[in-house]
Amino acid sequence: MIDFDEKSIVAVRRTGDGERFVLFTNADVLPYWEQRFWVAVLDTGSDGFGLPVRYGTVCSAPSGWALRQLVLVVQARMALEHARMPEGGALAVLEALGQAVRQMQAGEPLGAGVEFCPGGLPSPYRWTLARAGDLHLPLCPDPASREEGVTPEQVLIVVDEALRDWSARAPYISRLWTCRNAVREALAAEMRRVRIARLVAGASGESG
């Protein structure tokens, strides 16, 4: 498990089924950074995974996953899922994230520097590992988000929490609120997609 001071926790959120958590910590956040947290600790089902995040502003953390990169990772996973199961609900996630992307500030290309690689666990997807430089993000290989790894829902929770903080710091930037609303729509759509995937898996007799 990731070692951190519990006093540094500034927010705690759980996935829709209540089974996994996301902890947000202000450990190592410098005073001039315009972000409430830097590292999010994600429950992978068997351990904790530290996900460093930078909002993408001038005064944010100098390293970590940019919000645009995290959105791309979820979009890429949902594209694979939609191709695998067109009626499974992934399209609604993609549409909502498309709305979010249109509100993001101009700058680095969406998902700049992100690469996708096969993971070490069996999966219906051709990749389950995202990389950006020295950073890596091991996604859950299971469409129903039951196996070990970071789930797309958890990634969306991180993006949503960052946008919540950013929009509170800069309430005059209307696009941040619009972007967050779209991410929240994507998050709700992903929860629905997971429920469908679990029903399908249960009907087919897959263990979970």
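The values are calculated or read from the model by the stated rules, or taken from the named source; none is laboratory data. This is a predicted model, so every value here is computed, not measured. Don't worry about glycine lacking a Cβ; one is built from the backbone with ideal geometry, like all the others, and counts go over all protein chains shown.
Restricting to segment 25-50, and then to whatever is outside any loop (DSSP other than H, G, I, E, B) and in contact with a helix residue (DSSP H, G or I) (Cβ under 6 Å, 6 or more places away or on another chain), can you tell me which residue is farthest from V150 (Cα to Cα)? Can you show your working first?
Of all residues in segment 25-50, those outside any loop (DSSP other than H, G, I, E, B) come to 25, 39-43, 48-50.
Filter again for in contact with a helix residue (DSSP H, G or I) (Cβ under 6 Å, 6 or more places away or on another chain), leaving 25, 40, 42.
On the way: T25: 18, A40: 12, L42: 7 Å.
This residue is T25.
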> Which residues, counting only those in segment 26-38, are of a type outside the set (D, E) and within 24 Å of P171 (Cβ to Cβ)?
Replying inline: N26, V29, L30, P31, Y32, W33, Q35, R36, F37, W38
> Give me the pairs: first residue in segment 36-58 and on the phi > 0 side of the Ramachandran plot, second residue crowded, with 19+ Cβ neighbours inside 10 Å and assigned to a strand (DSSP E or B), beta-carbon distance under 6 Å, and six or more apart or on different chains, which are they?
Replying inline: G56/A66
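When you check D47 against the structure, is it modelled with pLDDT of 95 or more and either of a type outside the set (V, I, T) or surrounded by 19 or more Cβ atoms within 10 Å (Cβ to Cβ) (or both), yes or no?
Working: modelled with pLDDT of 95 or more: no; either of a type outside the set (V, I, T) or surrounded by 19 or more Cβ atoms within 10 Å (Cβ to Cβ) (or both): yes.
Taking the combined requirement at face value, the residue does not satisfy it.
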>> Just to be sure before I move on: is G16 under 15 Å from the mean Cα position of the chain (by Cα), of a type in the set (G, A, S) and part of a loop (DSSP other than H, G, I, E, B) in the structure I sent?
In response: yes
> Taking segment 17-60 on its own, how many of its residues are small (G, A, S) and in contact with a Lys or Arg (Cβ under 8 Å, 6 or more places away or on another chain)?
Replying inline: 3
> Among the residues of segment 90-111, is any at pLDDT 95 or above and assigned to a loop (DSSP other than H, G, I, E, B)?
Replying inline: no
> Does at least one position in segment 149-160 carry a residue that is under 16 Å from the mean Cα position of the chain (by Cα), on the phi > 0 side of the Ramachandran plot, part of a loop (DSSP other than H, G, I, E, B) and free of Cβ contacts under 8 Å to residues at least 60 places away in the same chain?
Replying inline: no
>> Only one of H82, H136 is out of contact with any strand residue (DSSP E or B) (no Cβ under 7 Å at 6 or more places or on another chain) and surrounded by fewer than 21 Cβ atoms within 10 Å (Cβ to Cβ). Can you tell me which?
In response: H82
